[in-house]
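Beneath this line is the structure, given in structure tokens, with notes to follow.
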Amino acid sequence: MKIYDLPVMGYDRAKSFYGKAKVIEKDNGEKVLQSYNTEVCKIDSNGKFVRLWGGYSVTTMRHVNSFLSFFGISGGGKAWWNSQPVEIKKVHSDMTPDESLKAMYFRRVSNGINY
């Protein structure tokens, strides 16, 4: 796995994203864009764009546009972003909902949060 700062590409006025946009190249060939601390999109091992985050912000859209340009993928802009389906990650839980709730209460009490 390799992690590096996303370079500013295209018509963006900035000289840098100051470490707020990272590219994570995984061993399986995926390239993930992390904007701030959120994985917002990726290019899968087949070269297909996948939206991972359902939100929108102007700054993150600038990161996405540079990511697309950097990897030569067409698209970009708010209307295009909003038209992309969001991939839902399937979470495999090792606890039932009741066990999870009890564990959360235990952690909070352990950290001094009382109810």
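Key figures for this structure:
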{"item": "Of G47, S66, S110, farthest towards positive along the dipole that unit charges on Lys, Arg, Asp, Glu beta carbons give the chain", "result": "S66"}
{"item": "Filter on K22/K102; K78/K102; K15/K89; K26/K102; K15/K42; K2/K102 - keep pairs with C-alpha separation over 32 Å", "result": "K22/K102; K78/K102; K15/K89; K26/K102; K2/K102"}
{"item": "Segment 1-59: chymotrypsin sites (Phe, Trp or Tyr not before Pro) in DSSP loop, at most 16 other beta carbons within 10 Å", "result": "Y11, Y18, Y36, Y56"}
{"item": "Histogram of C-alpha separations across the chain, 10 Å bin width, %", "result": "13, 37, 22, 18, 10, 0"}
{"item": "Exposure ranking of R62, R108, R13, R51 by accessible area [1.4 Å probe, largest first]", "result": "R13, R108, R62, R51"}
{"item": "Degrees, to the nearest 10: 58-70 long Cα axis against longest axis of the chain", "result": "60 degrees"}
{"item": "Local electrostatic count at K31 - Lys and Arg +1, Asp and Glu -1, tallied over other residues with Cβ under 12 Å", "result": "0"}
{"item": "Ellipticity estimate at 222 nm from DSSP helix runs (n ≥ 4, -39,500 (n - 2.57)) divided over the chain, nearest 500", "result": "-8500 deg cm²/dmol"}
{"item": "Net charge dipole size for the chain [Lys, Arg +1 and Asp, Glu -1 on Cβ; Debye, nearest 20]", "result": "340 debye"}
{"item": "Dipole magnitude of segment 8-50 about its Cα centre (Cβ charges: Lys, Arg +1; Asp, Glu -1), debye to nearest 20", "result": "220 debye"}
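The values are calculated or read from the model by the stated rules, or taken from the named source; none is laboratory data. Bear in mind the structure is a predicted one, so any value in this text is a computation, not a measurement. Cβ sites come from the backbone with ideal geometry, for glycine too, and all protein chains shown count toward neighbours. SASA here: full protein model, heavy atoms, side chains in, ligands and nucleic acids out. Shrake-Rupley method; radii C 1.70, N 1.55, O 1.52, S 1.80 Å.
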